[in-house]
Structures are given as structure tokens and as C-alpha cells.
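Report on the following structure.
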Amino acid sequence: VVDLIGRQWVHLDGLTINGRVRMNASSNMSVTRCTVTIPAGTAEGQGRSGIVFQLRSENNYIADNVVTGIAPWQEDMLGCCDAPFMGEGIEISGPGHVVMNNRVRGFRDAISFMEEDEAYDQWSIDVINNDLVLAVDDGVEADYCFHNCRIMRNRVTNAFIGLSSQPGIGG
């Protein structure tokens, strides 16, 4: 588990991490060429997510990682509401992020923006060329994107919903 909260200018490169990478309220960080694996048996509420930038974070670069969760592809796990929380593969909030060339597998949402009251200044975000497999809710959840968010050339395989964008705020 890596917790770097409120930090700036830290670069994680080529690490193998068993557990989540949490960089809430951080800026100008990068996570590249890392392997992040959520251990089997991780209890709900104990960090089932992979790489997270919650709270208002900005200008972070998440690229060329392999992020693996514990969500099984089975009917009683599909959808957002009744199934146990299976974590988010890569979760972001704030402006200026680039999320590209990652392989994400086995989460509730493979790539997710924060929602409702937890969404802070979500604009100018790129989600490009990711390989997203086995998302029991959304392949990419771009909900509450304020404007200028580009979700392009991602491959989504076995997701309950491929792309969610509701609401898109500001065009």
C-alpha cells in the first residue's frame, strides 16, 4: 500500500505494489510502469481500489500501468447498486489529468471520475488508449466531467456499461 496524500512532484515508476496507491489532494504526480494488485480477500472498505486521486488533485499522469482487482465476472456482481463494492481501478478528481496506456482488470469501474459532491473541477482530462477488462459496472465512468474531457481509443471488454457520462456538465 502506498499513501502519498497532499504531495507534489513524486514519480512512482516500475514498482510492484500489493494494495492501493492513494494520492488524494496531490498534484504533478506520476505513476508509470507499475503493477498494482489488490490482494484476494481484501475486505470491503479496506482499500479495494487500485490507483486513486480523490479530493481535488491536479495535473497527474497515470500511464503504462497494470492494475488488477478482485471483482469476479458473475451476474450477481453486475451493476452499481446491489452488489458489494469492488473498488475502482483508477479514480480521479480535479483538472488536468492524463490516464493512458493502462491495463485495468477486475473492478467496479475500471476508470472513474468522482461523483456528485466529491467531484471537484473535473476538466481538461484525457483518458486515452487504455485496455479495460472486467468492469462489473462501468468501463469508464466519466460522470460529472465539467468540460474538455477526452475519452478516446480505449478498449472495453466485459463491462456492465462501456462508458457512462451522466451528467456531462458544461459540454
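The values are calculated or read from the model by the stated rules, or taken from the named source; none is laboratory data. What you see is a predicted model, and the numbers here were worked out from it, not measured in a lab. Note that each Cβ is placed from the backbone with ideal geometry, even for glycine, and that neighbours are counted across all protein chains shown. Remember, those area values only see protein heavy atoms, side chains included, never the ligands or the DNA or RNA. Shrake-Rupley method; radii C 1.70, N 1.55, O 1.52, S 1.80 Å.
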Within region 113-124, is even one residue over 11 Å from the mean Cα position of the chain (by Cα), over 15 Å from SER26 (Cα atoms) and assigned to a strand (DSSP E or B)?
-> yes
Mind listing just one residue for me: the one in region 56-79 that is of a type in the set (A, V, I, L, M, F, W, C) and touching a residue at least 60 places away in the same chain (Cβ under 8 Å) and, of those, surrounded by the most Cβ atoms within 10 Å (Cβ to Cβ)?
-> ALA71
Answer with yes or no whether ALA43 is small (Gly, Ala, Ser), surrounded by fewer than 24 Cβ atoms within 10 Å (Cβ to Cβ) and over 16 Å from the mean Cα position of the chain (by Cα).
-> yes
Hey, could you check region 116-167 for residues that are surrounded by 15 or more Cβ atoms within 10 Å (Cβ to Cβ) and among the acidic types (Asp, Glu) and say which is farthest from VAL98 (Cα to Cα)?
-> ASP137
Just a yes or no: is a residue in region 23-34 open to solvent by less than 50 Å² (accessible area, probe 1.4 Å), in contact with a Pro (Cβ under 9 Å, 6 or more places away or on another chain) and either on the phi > 0 side of the Ramachandran plot or of a type in the set (D, E, K, R) (or both)?
-> no
Of all the residues that make up region 54-107, how many are assigned to a loop (DSSP other than H, G, I, E, B), closer than 18 Å to ASP126 by Cα and of a type in the set (Gly, Ala, Ser)?
-> 4
Which residue, of HIS97, HIS147, is at pLDDT 95 or above and under 25 Å from ALA25 (Cα atoms)?
-> HIS97
Taking region 32-51 on its own, how many of its residues are in contact with an Asp or Glu (Cβ under 8 Å, 6 or more places away or on another chain) and modelled with pLDDT of 95 or more?
-> 5
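Which residue, of PHE53, PHE85, is aromatic (Phe, Trp, Tyr), surrounded by 13 or more Cβ atoms within 10 Å (Cβ to Cβ) and closer than 16 Å to GLY106 by Cα?
Working: PHE53 fails: closer than 16 Å to GLY106 by Cα.
Residue meeting the stated conditions: PHE85.
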Test result for SER112, within 21 Å of ARG150 (Cα to Cα), in contact with an Asp or Glu (Cβ under 6 Å, 6 or more places away or on another chain) and among the hydroxyl-bearing types (Ser, Thr, Tyr) = yes
